[in-house]
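The values are calculated or read from the model by the stated rules, or taken from the named source; none is laboratory data. Note that this is a predicted model, so its numbers are computed, not measured. Ideal geometry is used to build each Cβ from the backbone, glycine not excepted, and the neighbour counts take in all protein chains shown.
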Amino acid sequence: MPNVSAYAATSETSALAPMAIDRRDPRPNDVAIDIEYCGVCHSDLHAARNDWGGTTYPIVPGHEIIGRVRTVGAEVTGFKPGDRVGVGCMVDSCKSCAPCDQGLEQYCENGMTGTYDKVLPDGSVTYGGYSRHIVVREDFVLRIPEGMDPAAAAPLLCAGITTYSPLRHWKVGPGQKVGIVGLGGLGHMGVKIAAAMGAEVTLFTTSPGKADDARRLGASRVVMSKDRAQMKAVRGEFDFILNTVAAPHKLDPYLNALTLEGTMVMVGLPDEPHPSPGMAPLIMKRRSLAGSLIGGIAETQEMLDFCAEHGIASDIEMIAMADINTAYERMLKSDVKYRFVIDMATLA
């Protein structure tokens, strides 16, 4: 599939701009997809600007992909032309190691293949969803439930599963008190999903202006994390805290907010390390500090079905493809509620 329209960065200092790319012809187990919408993740910006190092240029970002099946390979059984489908953060894994056998492809011991800027077994580099078409192995294609707003569903494939997976793994549910740290692209999904699971949800934020929105999204309470009195008042209260903040910050105040044997899970990835937590908050109450990536394919499908059942989608702002560089600058200023989504019909 030659000359596919896309937007790419050609260096860490260049703006994203139109570029033609080649997609492989569908193999027997491949699904070819016409992309309708693509969410904009903060990691897209980090990768395009080489903030984490190791970016291969040109890079076509985008791993929150919604589209319609164009064609399928001869061995594909789960999808047919016209189906609405999604592609998230990965497009391949070894499918033979212990994590893959457990449906945890994101932790593949041989390295899962990311949707963009990663190398496939044939040596080609993956290009992401800022493009008109994509070709993906059937095992990594997801079914979008009927009735779900496709544009608002796009961020579920990253922000949704990144928050759903730890909430599900640590068995969050009715009767539990759950804290969500930060109300951005990840945090707003964490609030919605934890509330839908039946937990009593509290938002920790540094921004008083987010209190009303947090309650609209499902939080029953808001705590200003810079207010020592408010943080002291919630010490020892939470069974589980999901920390979505991707900037270095002190962890001890949140660890102290956990109950005996409570857990805080980190899903934000800062450019620089957090200050090391003190041992006393962990040791004295047998608390845990953990991390979580995304989810496997089966769990991601489970998340989509859960969100459809509970009427959950991302709060989005739609943009044209040509506005992506402006969106990046706004994203750096947290000037979005809560996720940009590109209307790929705007890409010629």
What's the number of the only condition in (1) modelled with pLDDT of 95 or more; (2) of a type in the set (A, V, I, L, M, F, W, C); (3) farther than 15 Å from ASP139 by Cβ that CYS97 fails to meet? (3)
Filter the range 235-260 down to the residues that are surrounded by 13 or more Cβ atoms within 10 Å (Cβ to Cβ) and of a type in the set (Gly, Ala, Ser), then identify the one that is farthest from PHE204 (Cα to Cα). ALA246
Which is part of a loop (DSSP other than H, G, I, E, B) and modelled with pLDDT of 95 or more, of GLY62, GLY67? GLY62
Can you tell me which condition TYR338 does not meet? The list is (1) under 15 Å from the mean Cα position of the chain (by Cα); (2) modelled with pLDDT under 95; (3) surrounded by fewer than 20 Cβ atoms within 10 Å (Cβ to Cβ), and all the others hold. (3)
Give the residues of the range 261-281 that are at pLDDT 95 or above and either within 21 Å of ARG221 (Cβ to Cβ) or surrounded by 13 or more Cβ atoms within 10 Å (Cβ to Cβ) (or both), sorted by residue number. GLY262, THR263, MET264, VAL265, MET266, VAL267
Restricting attention to the range 4-51, the residues that are assigned to a strand (DSSP E or B) and buried (at least 17 other Cβ atoms within 10 Å of the Cβ) number exactly 17
For the range 286-316, name all the residues that are touching a strand residue (DSSP E or B) at 6+ places or on another chain (Cβ under 8 Å) and either among the polar types (S, T, N, Q) or crowded, with 17+ Cβ neighbours inside 10 Å (or both). ARG287, SER288, LEU289, SER292, ILE294, ILE297, THR300, GLN301, LEU304, SER314, ASP315, ILE316
Within the range 294-348, track down each residue that is more than 26 Å from ASP213 (Cα to Cα) and aliphatic (A, V, I, L, M). ILE297, ALA298, MET321, ALA322, MET344, ALA345, LEU347, ALA348
Filter pass, ARG84 being closer than 16 Å to ARG23 by Cα and either among the charged types (D, E, K, R) or surrounded by fewer than 16 Cβ atoms within 10 Å (Cβ to Cβ) (or both): no
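Go over the candidates ILE161, ILE180, ILE134 one by one and state the one that is assigned to a strand (DSSP E or B), within 18 Å of the chain's Cα centre (by Cα) and either closer than 21 Å to GLU64 by Cα or not assigned by TED's automatic domain parsing to the domain that holds GLU299 (or both). Quick ask: steps written out before the conclusion?
On the way: ILE161 fails: assigned to a strand (DSSP E or B); ILE134 fails: within 18 Å of the chain's Cα centre (by Cα).
That would be ILE180, the only listed residue that is assigned to a strand (DSSP E or B), within 18 Å of the chain's Cα centre (by Cα) and either closer than 21 Å to GLU64 by Cα or not assigned by TED's automatic domain parsing to the domain that holds GLU299 (or both).
Do we find a residue being surrounded by fewer than 19 Cβ atoms within 10 Å (Cβ to Cβ), in contact (Cβ under 8 Å) with a residue 12 or more places away in the chain and more than 21 Å from ILE312 (Cα to Cα) anywhere in the range 210-220? I'd like the intermediate steps shown before the answer.
Filtering the range 210-220 for residues surrounded by fewer than 19 Cβ atoms within 10 Å (Cβ to Cβ) gives 211-212, 215-216, 220.
This time we only want the ones that are in contact (Cβ under 8 Å) with a residue 12 or more places away in the chain, so: 220.
Filter once more, keeping what is more than 21 Å from ILE312 (Cα to Cα): none.
Checking the range 210-220: not a single residue is surrounded by fewer than 19 Cβ atoms within 10 Å (Cβ to Cβ), in contact (Cβ under 8 Å) with a residue 12 or more places away in the chain and more than 21 Å from ILE312 (Cα to Cα).
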Strands (runs of 3 or more DSSP E) wholly in the range 216-276 with at least 3 residues that are closer than 24 Å to HIS169 by Cα and not small (Gly, Ala, Ser) - which ones? 238-243, 258-266
Answer with yes or no whether ALA322 is in a helix (DSSP H, G or I), within 29 Å of ALA9 (Cα to Cα) and hydrophobic (A, V, I, L, M, F, W, C). yes
Restricting the first residue to the range 100-121 and requiring it to be among the small types (Gly, Ala, Ser), which pairs with a second residue that is surrounded by fewer than 16 Cβ atoms within 10 Å (Cβ to Cβ) meet a Cβ separation below 6 Å and a spacing of at least six or different chains? GLY103/ALA298
Has the range 248-261 got at least one residue that is over 24 Å from the mean Cα position of the chain (by Cα), among the hydroxyl-bearing types (Ser, Thr, Tyr) and assigned by TED's automatic domain parsing to the domain that holds ALA196? yes
